[in-house]
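The values are calculated or read from the model by the stated rules, or taken from the named source; none is laboratory data. The model shown is predicted, which means the values in this text are computed figures rather than measured ones. Quick reminder, even Gly has a Cβ in these numbers, built from the backbone with ideal geometry, and neighbours come from all protein chains shown. Surface areas here come from the heavy atoms of the whole protein model, side chains and all, with no ligands, DNA or RNA. Shrake-Rupley method; radii C 1.70, N 1.55, O 1.52, S 1.80 Å.
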Amino acid sequence: MGALRLPSLSTIFTSSSSTRFSSRSSSVFRRSSRLPHLIRPLNSANFSAQSTVQKAATNEVGSSGQKSKNQDRVITPRSQDFNAWYLDVIANAELADYGPVRGTMVIRPYGYAIWEAIQDYLNVKFKETGHSNMYFPQFIPYSFIEKEASHVEGFSPELAVVTIGGGKELEEKLVVRPTSETIVNHMFTQWIHSYRDLPLMVNQWANVTRWEMRTKPFVRTLEFLWQEGHTAHATPEEAEKEALQMIDVYTKFAYEQTAIPVIAGRKSKVETFAGASRTYTIEAMMGDKKALQAGTSHNLGQNFSRAFDTQFMDENGERQHVWQTSWAVSTRFVGGIIMTHGDDAGLMLPPKIAPIQVVIVPIWKKDDEKTGVLEAAFTVKDILKSAGIRINLDDSDQRTPGWKFNFWEMKGVPLRIEIGPRDVSNGSVVISRRDIPGKQGKVFGISMEPSSLVAYVKDKLDEIQSSLLNRASTFRDSNIVDVGSYEELKDAINQGKWARGSWSASDKDELKVKEETGATLRCFPFEQPKDRQKTCFMTGNPAEEVALFAKSY
């Protein structure tokens with residue numbers, strides 16, 4: 001089979017739609033020309049990626065020896081080029097590939113399994129808090145978008161619009177769902193009549209389309225997956241309580257499941273969601289110190305209910321407009337996990353979110369050793385699987401154990417169990433931790449006795465989960481600088497850090513900070529420092545809150 005060298009992920013995820021953005025995008029997202037691009041199979045029917053394992057096998061077995069067998073799995077060091085490192089991890093860990101439309105991505109099974117783990121946890125929490133899943137159509141009449149002025153103003157640059165259907169020009173243009181507040185309100189108006197119909201609390205797992213100019217896989221793409229909750233309430237207090245409750249759900253999820261120490265808080269007026277009264281956010285620090293908005297919860301007030309005339313009859317027989325919320329997390333959380341925990345060896349997954357928590361690599365040199373080693377490996381697999389541990393046995397004999405070690409480390413599997421002939425004789429195994437490289441993370445002589453093995457593995461998985469959270473928290477805290485003047489903020493941002501300081505300045509001042517430093521006001525944290533200045537570092541006026549500023553994705 002011939003081979004075709006196609007552009008790397010970084011090239012595909014750079015827009016050429018606008019000359020205004022093209023030069024900036026290419027400089028930020030282009031791979032170094034010195035790095036090996038992925039080799040794609042020649043296939044004019046589609047652009048899907050061939051497995052990196054298959055490609056490595058082709059190089060190892062079918063080539064004339066001109067290529068190193070691991071060339072396709074080279075990962076750029078994080079310290080050298082963080083963006084190239086990120087794209088290398090996505091490609092080589094087989095998380096996603098690019099679609100035929102520029103800026104879109106195909107989420108591969110391993111990447112989708114991480115998204116499923118996110119879904120599994122949040123689905124339970126949504127239902128525990130009284131929400132039901134449902135689904136709204138993908139196409140929205142253009143007139144719906146125009147009903148809420150600030151909403152259309154906020155989303156108009158990103159809208160994908162359908163004008164032809166079935167070969168005929170449509171009477172009314174349709175918008176491909178960028179978010180669902182408008183169509184939700186259209187339906188809520190038909191379903192809500194009395195206070196007895198409230199609260200109405202639903203969620204949907206869906207795709208959305210936003211025509212982004214600068215894209216980055218998982219973090220910002222033309223189409224992405226998310227959940228979006230929508231609720232309607234009889235009072236403003238109920239809506240505010242709901243919005244805060246859901247940002248708390250997201251915060252606990254980030255800490256407890258993904259080991260990402262997010263900072264929860266309120267967005268500034270400038271950064272508030274288009275059409276919302278207040279927006280709450282969880283902000284995460286990535287490995288390059290940029291901020292990632294990992295989830296949001298919006299108190300919509302009555303903005304949409306007034307635009308769509310969504311009313312109910314209250315207990316006094318009076319007509320009232322409902323009070324609403326919406327809240328969402330998306331597949332950008334997968335990108336956040338990669339950029340928070342990954343290292344130069346590849347992906348590093350927190351055990352609670354990892355599709356595979358333990359991989360078993362059997363080791364033998366002679367054919368007469370193989371049967372005993374594999375029998376022991378399958379026994380260990382059954383023991384751990386019965387204990388509810390997500391486990392994989394790599395018993396393929398086309399690869400060396402060393403190749404497998406590197407491959408599963410790159411995939412971010414938290415624990416690796418090695419079983420060789422000597423281990424079989426001793427009734428023990430060797431266990432290596434992904435978060436502690438080399439000999440320091442390897443322990444010999446762990447008993448195969450079921451209760452001992454299960455207890456040890458579960459304990460180590462818990463240790464890894466805690467270790468990743470502590471490591472990320474230490475990194476975050478060491479890169480937040482308290483500032484008392486605008487000059488100090490500029491110095492902090494120039495160093496790539498987050499700046500924290502008292503703030504009561506105007507929207508114009510906030511936009512000035514963004515224009516001059518590239519940093520945005522990420523949030524006013526819920527947890528305010530006890531010892532802080534009482535005056536705004538920008539204006540010298542009294543300030544009641546501390547704000548966080550950072551460059552962001």
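Look through segment 189-206, keep the residues that are within 21 Å of Y135 (Cβ to Cβ) and open to solvent by less than 30 Å² (accessible area, probe 1.4 Å), and return whichever of them is nearest to the chain's Cα centre (by Cα). Looking at residues that are within 21 Å of Y135 (Cβ to Cβ) and open to solvent by less than 30 Å² (accessible area, probe 1.4 Å), I get A206. G420 meets all of the listed conditions (1) open to solvent by 50 Å² or more (accessible area, probe 1.4 Å); (2) at pLDDT 95 or above but one, namely (1). Residues of segment 84-104 that are among the aliphatic types (A, V, I, L, M), farther than 21 Å from Q257 by Cα and either assigned to a loop (DSSP other than H, G, I, E, B) or at pLDDT below 95 (or both): V101 alone. Counting the residues of segment 524-553 that are farther than 24 Å from K216 by Cβ, buried (at least 16 other Cβ atoms within 10 Å of the Cβ) and under 27 Å from the mean Cα position of the chain (by Cα) gives 4.
Residues that are of a type in the set (V, I, T) and assigned to a loop (DSSP other than H, G, I, E, B) within segment 115-141 comprise just one, T129. Looking only at residues of segment 310-358 that are open to solvent by less than 10 Å² (accessible area, probe 1.4 Å) and more than 20 Å from the chain's Cα centre (by Cα), we find that the one that is nearest to K252 (Cα to Cα) is T325.
Among the conditions (1) open to solvent by 20 Å² or more (accessible area, probe 1.4 Å); (2) outside any loop (DSSP other than H, G, I, E, B); (3) at pLDDT 95 or above, V175 misses just one, which is (1).
If you check G336, G275, G372 for being in contact (Cβ under 8 Å) with a residue 40 or more places away in the chain and closer than 23 Å to S466 by Cβ, only one passes: G336.
As a summary of the residue check, S156 satisfies the conditions (1) open to solvent by 20 Å² or more (accessible area, probe 1.4 Å); (2) modelled with pLDDT under 95; (3) part of a loop (DSSP other than H, G, I, E, B) except for the one numbered (3).
Looking at N426, is it surrounded by fewer than 18 Cβ atoms within 10 Å (Cβ to Cβ) and either hydroxyl-bearing (S, T, Y) or under 30 Å from G336 (Cα atoms) (or both)? So N426 fails the test.
The set of residues from segment 213-239 being within 22 Å of I337 (Cα to Cα) and not aromatic (F, W, Y) comprises R214, T215, K216, P217, V219, R220, T221, L222, E223, L225, Q227, E228.
Taken over segment 211-229, residues that are under 18 Å from D120 (Cβ atoms) and among the polar types (S, T, N, Q) amount to 1.
Only one of the numbered conditions (1) out of contact with any strand residue (DSSP E or B) (no Cβ under 7 Å at 6 or more places or on another chain); (2) open to solvent by 20 Å² or more (accessible area, probe 1.4 Å); (3) farther than 30 Å from E271 by Cα; (4) not polar (S, T, N, Q) is violated by I164, and that is (1). Residues in segment 495-523 that are among the aromatic types (F, W, Y) and either surrounded by fewer than 18 Cβ atoms within 10 Å (Cβ to Cβ) or within 25 Å of K216 (Cβ to Cβ) (or both): W498 alone.
Summed over segment 265-309, residues that are hydrophobic (A, V, I, L, M, F, W, C) and open to solvent by less than 10 Å² (accessible area, probe 1.4 Å) total 8. The set of residues from segment 439-473 being of a type in the set (K, R) and in contact with a Lys or Arg (Cβ under 7 Å, 6 or more places away or on another chain) comprises just one member, K460. Within segment 390-412, being of a type in the set (A, V, I, L, M, F, W, C) and either open to solvent by 40 Å² or more (accessible area, probe 1.4 Å) or touching a Pro at 6+ places or on another chain (Cβ under 9 Å) (or both) holds for one residue alone: L393. Residues in segment 469-494 that are charged (D, E, K, R), part of a helix (DSSP H, G or I) and surrounded by 16 or more Cβ atoms within 10 Å (Cβ to Cβ): R471, R476, K490. Where helices (runs of 4 or more DSSP H) sit wholly within segment 323-425, those with at least 1 residues that are among the basic types (K, R) and closer than 30 Å to T209 by Cβ occupy 332-341.
Restricting to segment 429-462, and then to whatever is without any contact (Cβ under 8 Å) to a residue 24 or more places away in the chain and among the basic types (K, R), can you tell me which residue is least open to solvent (accessible area, probe 1.4 Å)? Checked segment 429-462; the qualifying residue least open to solvent (accessible area, probe 1.4 Å) is K442.
Could you tell me whether F144 is touching a His at 6+ places or on another chain (Cβ under 7 Å), outside any loop (DSSP other than H, G, I, E, B) and not small (G, A, S)? Criteria met by F144.
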